[in-house]
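First comes the structure, then the notes that go with it.
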Amino acid sequence: MSDKDFFAHETAVIDDGCAIGNGTKIWHFSHIMPDCTLGEKCNIGQNVVVSPRVTLGNNVKVQNNVSIYTGVVCEDDVFLGPSMVFTNVINPRSAINRRNEYASTVVKQGASIGANATIVCGNDIGKYAFIGAGAVVTKIVPDYALLVGNPAKQIGWVGEYGHRLEFNDRGKAVCPESKQEYQLADNKVIRTK
Ligand SMILES: CC(C)(COP(=O)(O)OP(=O)(O)OC[C@H]1O[C@@H](n2cnc3c(N)ncnc32)[C@H](O)[C@@H]1OP(=O)(O)O)[C@@H](O)C(=O)NCCC(=O)NCCS
């Protein structure tokens, strides 16, 4: 891959050992630290920090003022809203080095995290889950779940197009936009069509 296959604003800093996919854009004052892997067609907004060895999939959209710490993985099509916050140490103390204790957080395919939300580390975010603005996530989030509040609680389900899923008494829902179909069983949602 040549340097020309992605765009980085002249104020962005990209450290050694990074692999950046075709069509990715990195905007003003953002810093990609050593040995990161960014997929294709990602958009990294302004004032974003991607810490060493982080992996982002394809088409990951990162809004302004987000830090993606070591231990975080974002799969394809993840959306990180403006100023949302990851964490990677559960009990930080300034005087105690916990650099070997970074907890991992996987944000699975298609999940969206709203503006100013905080993800307490170790709590993976399920496929296509939706975290409302300002939520504080303290537990593992199921696929397609919609959570809001502090501490975040599930208030429903959302489909892949980001619409609420209204399940009928047979546990079936249809997305009003895409007409995709979903089944709810045993408190789990899967897409059936
Ligand atoms: C979570 C969200 C998707 C819910 O949207 P919705 O399905 O239209 O929900 P409603 O507006 O009908 O709200 C349903 C209830 O949840 C509450 N609610 C909605 N969003 C909330 C939030 N972020 N935090 C806390 N409560 C919230 C509402 O007050 C309402 O409560 P009520 O039933 O007691 O009146 C939306 O509010 C949200 O936070 N979107 C994220 C926006 C964002 O950060 N975008 C970033 C890109 S700029």
Counting just the residues of segment 158-183 that are in contact (Cβ under 8 Å) with a residue 24 or more places away in the chain and of a type outside the set (V, I, T), which one comes out surrounded by the fewest Cβ atoms within 10 Å (Cβ to Cβ)?
G162
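Please verify whether E177 is of a type in the set (D, E), within 15 Å of the ligand (Cβ to nearest atom) and more than 20 Å from I68 (Cβ to Cβ), treating the condition exactly as stated.
Yes.
Quick grid of which residues meet (1) within 20 Å of the chain's Cα centre (by Cα); (2) surrounded by 12 or more Cβ atoms within 10 Å (Cβ to Cβ); (3) within 14 Å of the ligand (Cβ to nearest atom):
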position: G110; (1), (2), (3): yes, yes, no
position: C121; (1), (2), (3): yes, yes, no
position: G132; (1), (2), (3): yes, yes, yes
position: A145; (1), (2), (3): yes, yes, yes
position: A185; (1), (2), (3): no, no, no
So I155, is it surrounded by fewer than 14 Cβ atoms within 10 Å (Cβ to Cβ) and more than 16 Å from the ligand (Cβ to nearest atom):
no
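Restricting to segment 123-168, name every residue that is among the polar types (S, T, N, Q) and closer than 25 Å to Q180 by Cα.
Those that are among the polar types (S, T, N, Q) and closer than 25 Å to Q180 by Cα: Q154, N168.
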Of the criteria (1) within 10 Å of the chain's Cα centre (by Cα); (2) more than 16 Å from the ligand (Cβ to nearest atom), which one F79 fails
(2)
Within segment 33-70, residues crowded, with 19+ Cβ neighbours inside 10 Å and either at pLDDT below 95 or of a type in the set (D, E, K, R) (or both) come out as none
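The values are calculated or read from the model by the stated rules, or taken from the named source; none is laboratory data. As the structure is a computational prediction, the values presented were derived from the model and not from experiment. Neighbour counts are summed over all protein chains in view; Cβ atoms, including those assigned to glycine, are modelled from backbone coordinates with ideal geometry.
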